[in-house]
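I have placed the structure first, in the form of structure tokens, so that the comments after it can refer back to it.
The values are calculated or read from the model by the stated rules, or taken from the named source; none is laboratory data. These figures come from a predicted structure and were not determined experimentally. Virtual Cβ from ideal backbone geometry, glycine too; neighbours counted across all protein chains shown.
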């Protein structure tokens with residue numbers, strides 16, 4: 001699982017600790033790259049802790065609850081940013097492995113079907129502005145225009 005931003009858009013759960021205390025809206029693009037990045041790091045963290053994603057995504061376990069459990073089990077006294085750095089680092093490592101294996105920016109594209117506007121419903125006549133969102137996402141991640149993590153970002157995450 002590489003993120004669940006649609007669950008915040010649908011109101012299934014929120015992550016106030018990451019700046020999402022309420023449901024976001026489909027096709028309001030201001031926060032989509034940030035939301036995607038944070039949820040990818042969050043789900044990477046949850047998976048690395050071997051937690052079921054349904055604990056925070058539906059059962060009410062907060063990120064603060066996860067942090068408190070982590071600190072109680074390990075004896076550490078980590079902050080939320082320290083814990084989220086684990087998710088970011090894990091996601092970056094996965095990205096580097098994919099790049100090494102020949103799966104770079106060309107695999108960040110959505111299928112053509114996603115660019116066919118719906119004929120009815122809430123997305124009638126709409127298509128996602130994927131290129132603009134990917135550009136913004138790469139900048140937020142501190143990756144270059146080809147989707148490769150910069151040396152500064154790798155150094156920051158000690159990779």
Q: Could you give me the residue pairs with C-beta distances under 9 Å whose first residue belongs to the range 110-125 and is in contact (Cβ under 8 Å) with a residue 40 or more places away in the chain, whose second residue is surrounded by fewer than 10 Cβ atoms within 10 Å (Cβ to Cβ) and not in a strand (DSSP E or B) wherever it lies, and which are 6+ apart or on separate chains?
A: 123/117
**Q.** Residue ranges of helices (runs of 4 or more DSSP H) in the range 31-111 with at least 3 members within 19 Å of residue 140 (Cα to Cα)
**A.** 32-48, 80-100
Q.
Looking for something closer than 20 Å to residue 140 by Cα, surrounded by 12 or more Cβ atoms within 10 Å (Cβ to Cβ) and free of Cβ contacts under 8 Å to residues at least 24 places away in the same chain - is there at least one such residue anywhere in the range 11-22?
A. yes
Q: Would you check if there is a residue in the range 67-79 being farther than 22 Å from residue 6 by Cα and under 17 Å from the mean Cα position of the chain (by Cα)?
A: no
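Among the residues of the range 1-30, write down those that are in a helix (DSSP H, G or I), modelled with pLDDT under 90 and farther than 21 Å from residue 90 by Cα. Walk me through how you get there before you give the answer.
Of the range 1-30, the ones in a helix (DSSP H, G or I) are 5-9, 16-18, 29-30.
With modelled with pLDDT under 90 added as a condition, the list becomes 5-9, 29-30.
6, 7, 8, 9, 29, 30 - these are the residues of the range 1-30 that are in a helix (DSSP H, G or I), modelled with pLDDT under 90 and farther than 21 Å from residue 90 by Cα.
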Q: Determine which single condition residue 150 fails, assuming it passes every other condition in (1) out of contact with any strand residue (DSSP E or B) (no Cβ under 7 Å at 6 or more places or on another chain); (2) over 16 Å from residue 46 (Cα atoms); (3) surrounded by 10 or more Cβ atoms within 10 Å (Cβ to Cβ).
A: (1)
**Q.** Which numbered condition residue 128 fails, given (1) in contact (Cβ under 8 Å) with a residue 12 or more places away in the chain; (2) in contact with a strand residue (DSSP E or B) (Cβ under 7 Å, 6 or more places away or on another chain)
**A.** (2)
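Please determine, by comparing only the residues of the range 112-144 that are assigned to a loop (DSSP other than H, G, I, E, B) and at pLDDT 95 or above, which one is farthest from residue 10 (Cα to Cα). Explain how you work it out, then say what you get.
Step one: filter the range 112-144 for residues assigned to a loop (DSSP other than H, G, I, E, B), giving 116-117, 119-123, 125-129, 142, 144.
Filter again for at pLDDT 95 or above, leaving 142, 144.
Working: 142: 28, 144: 31 Å.
Among them, the one singled out is 144.
Each row is one residue, and each column tells you yes or no for (1) surrounded by fewer than 14 Cβ atoms within 10 Å (Cβ to Cβ); (2) touching a residue at least 24 places away in the same chain (Cβ under 8 Å).
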{"residue": "55", "(1), (2)": "no, no"}
{"residue": "62", "(1), (2)": "no, yes"}
{"residue": "80", "(1), (2)": "yes, yes"}
{"residue": "83", "(1), (2)": "no, yes"}
{"residue": "93", "(1), (2)": "no, yes"}
